[in-house]
Amino acid sequence: MRTLSTPSPALIFPPTSPGFQNGRGSSTSSSSVTGETVAMVHSPPPTRLTHPLIRLAAKQQKEQAHVERLPDQSMIHIFSFLPTNQLCRCARVCRRWYNLAWDPRLWRTIRLTGETINVDRALKVLTRRLCQDTPNVCLMLETVIVSGCRRLTDRGLYTIAQCCPELRRLEVSGCYNISNEAVFDVVSLCPNLEHLDVSGCSKVTCISLTREASIKLSPLHGKQISIRYLDMTDCFVLEDEGLHTIAAHCTQLTHLYLRRCVRITDEGLRYLMIYCTSIKELSVSDCRFVSDFGMREIAKLESRLRYLSIAHCGRITDVGIRYIAKYCSKLRYLNARGCEGITDHGVEYLAKNCTKLKSLDIGKCPLVSDTGLEFLALNCFNLKRLSLKSCESITGQGLQIVAANCFDLQMLNVQDCDVSVDALRFVKRHCKRCIIEHTNPAFF
């Protein structure tokens, strides 16, 4: 049971930070260190103001504060939209707000932002406060989002791993100081973790259980990790061996993003398809060593694959597209921008086999012409988004065929294409909801 004398943390921003300027700092109950954000523990606000003049001013202010007339449930609902640091500030307004701000329903999520915040200490203080009713364990906390907090280190992640066994979602994108060991601790001690975003964490090269967890927790995990969503965008040092380990431990993956993991090759994708057979969304954009052989491996996902991004994979040609089109008939989204080896033949095979395609990006594919667009228009009637940016062989005739058949088109990108104003007006007449991105100054 929480008592009113229980201390609570508030995140105090330095005077130069935007967070301090937007919030209302207290000169009597807060402290700050120059150039650094600190977390501190304070007592709840007092209930009585002793001086008569202060009581009179408070009475007049209370009469004007219509927010105080709101019931507790409404206040809690309003507080639910606040980030963690602002919620802590609200706890310092008055005793009623203090009690409401620490309602357990508001602490299923911790969201911290800012490059200067001492996030390690903030997490330590917050978890200590949330562990009061259940010592050393935050049973209500399910989501931690600290993306962009560059001062986060392994110590902060270790605090999460130790105190948050019910954690289901963790986002630490851009926190480049964390390492493999800290991630191993989290996935080992948080068996319910399903969503993990480590994009931009350049030191992370693998996702696996710790050696101790593999031995002690095998009945709980089955030596597997229950992550379904994994974003490793910009993890530049990830290699095929690390991807092999990830695939072997994270067999339940359904969403995997490997954008700009430039060391991944077709061999890594082969490992991935052996273990992770339930993937629905996959991105290998800018993985320059992925080729048609990798597309043959990805095609083994068959009808389960709905989203695929292979942008700027220069080694992929019509052969790879044919593999995807033949076996992944339920594909809804394909980004093949910058794959210069794709021609009208690849687009034809894609259109005839993936008829439920809703979004297609074939920008910067100079070998795609009006012929390929005609096949799209006659087969993919549900197309909603089409990007043809910098497709030099596209003309207004191809666009008119698309507009005459794909009435649900909502976005069309023809920037840097030789398309006339009349063709753009034709598209606008037939696809009234379509937003056209273009570089023709005569069309507006």
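The values are calculated or read from the model by the stated rules, or taken from the named source; none is laboratory data. Because the structure is predicted, anything quoted here is derived from the model rather than measured. Cβ placement follows ideal geometry from the backbone for every residue including glycine, while neighbour counts extend to all protein chains displayed. Note: accessible area is taken over every heavy atom of the protein model, side chains too, but ligands, DNA and RNA are not part of it. Shrake-Rupley method; radii C 1.70, N 1.55, O 1.52, S 1.80 Å.
Results, tabulated for the structure shown:
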| quantity | calculated |
| --- | --- |
| Criterion (assigned to a helix (DSSP H, G or I), at pLDDT 85 or above, surrounded by 11 or more Cβ atoms within 10 Å (Cβ to Cβ) and in contact with a Ser or Thr (Cβ under 7 Å, 6 or more places away or on another chain)) met by exactly one of 123, 100 | 123 |
| Odd one out for residue 169 among (1) of a type in the set (Lys, Arg); (2) out of contact with any His (no Cβ under 8 Å at 6 or more places or on another chain); (3) surrounded by fewer than 19 Cβ atoms within 10 Å (Cβ to Cβ) | (2) |
| Helices (runs of 4 or more DSSP H) lying entirely in segment 239-340 (those with 3 or more residues that are touching a Phe, Trp or Tyr at 6+ places or on another chain (Cβ under 8 Å)) | 240-249, 292-298, 318-327 |
| Filtered residues of segment 391-437 (kept if part of a loop (DSSP other than H, G, I, E, B), under 22 Å from residue 358 (Cβ atoms) and open to solvent by 10 Å² or more (accessible area, probe 1.4 Å)) | 407, 408, 410, 415, 417, 432, 433 |
| Residues of segment 171-196 classified as more than 12 Å from residue 154 (Cβ to Cβ) and in contact with a Phe, Trp or Tyr (Cβ under 8 Å, 6 or more places away or on another chain), total | 3 |
| Count - residues of segment 316-357 that are within 24 Å of residue 397 (Cβ to Cβ) and not aromatic (Phe, Trp, Tyr) | 20 |
| Output for segment 86-143, where each listed residue is over 15 Å from residue 160 (Cβ atoms) and of a type in the set (A, V, I, L, M) | 87, 91, 93, 100, 101, 106, 117 |
| Residue count, segment 126-143 (criterion: part of a loop (DSSP other than H, G, I, E, B) and open to solvent by less than 60 Å² (accessible area, probe 1.4 Å)) | 6 |
| Residues of segment 157-172 that turn out to be in a loop (DSSP other than H, G, I, E, B) and closer than 13 Å to residue 112 by Cβ, as a count | 1 |
| Qualifying residue in segment 358-370 (condition: over 34 Å from the mean Cα position of the chain (by Cα) and open to solvent by 10 Å² or more (accessible area, probe 1.4 Å)) | yes |
| Boolean, residue 308 is more than 24 Å from residue 179 (Cα to Cα) and of a type outside the set (D, E, K, R) | yes |
| Hey, residue 105 open to solvent by less than 30 Å² (accessible area, probe 1.4 Å), farther than 19 Å from residue 175 by Cβ and among the charged types (D, E, K, R) or not | no |
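A quick yes/no check of all residues on (1) surrounded by fewer than 19 Cβ atoms within 10 Å (Cβ to Cβ); (2) within 27 Å of residue 193 (Cα to Cα):
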position	(1), (2)
241	yes, yes
250	no, yes
267	yes, no
275	yes, yes
293	yes, no
310	no, no
313	no, no
334	no, no
